Amino acid sequence: MLDTSIDGQVFRALVDRTRRYTLYLLLDRRSMSTDELADVLTGWLHANGYGLADPDDRERLETELYHAHLPALVEAGLVECDEQYTVVELASVDGPVVDLLEWSRAYERPQSGGPRTTADERDGKP
């Protein structure tokens with residue numbers, strides 16, 4: 001059973017797949033530059049087995065990170081960023097939020113090479 005003390009703002013932030021994928025990355029890395037984040041997320045979000053992301057896809061995602069996704073994650077208290085949003089760090093989130101993220105990452109529908117990789121490797125799945 002999930003802890004009911006988790007703020008509704010956290011759930012609103014987690015509705016978006018890009019935001020969840022950002023948090024999955026930060027669970028493992030703790031801190032990343034926004035450039036690194038955009039590179040990895042572009043691959044995860046656009047990999048579909050028959051096509052590749054192009055530079056326009058990456059640029060579009062980076063713009064969305066700066067103007068929508070990172071501000072929403074900051075507002076929910078899930079990440080911290082410097083003023084220019086050049087470095088993103090996982091905020092000091094409490095146990096129930098980490099448990100929720102770990103559960104979500106384990107059961108997220110894989111998008112080709114997406115975030116389920118870590119959970120699959122942990123569970124011994126290819």
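The shape of region 9-110 can be summarised by an equivalent ellipsoid whose semi-axes, obtained from the alpha carbon gyration tensor, come to 21, 17, 11 Å from longest to shortest. The three principal axes of the Cα atoms in region 37-78 give end-to-end lengths of 36, 17, 11 Å, sorted in falling order.
In plain terms, the bigger the Kirkwood radius, the slower the diffusion; for region 10-62, with that radius from Cα pairs, at 37 °C and 0.692 mPa s, Stokes-Einstein puts D at 280 µm²/s.
Rule-based calculations on the coordinates, nothing more; no lab input. Source: prediction; values computed, not measured.
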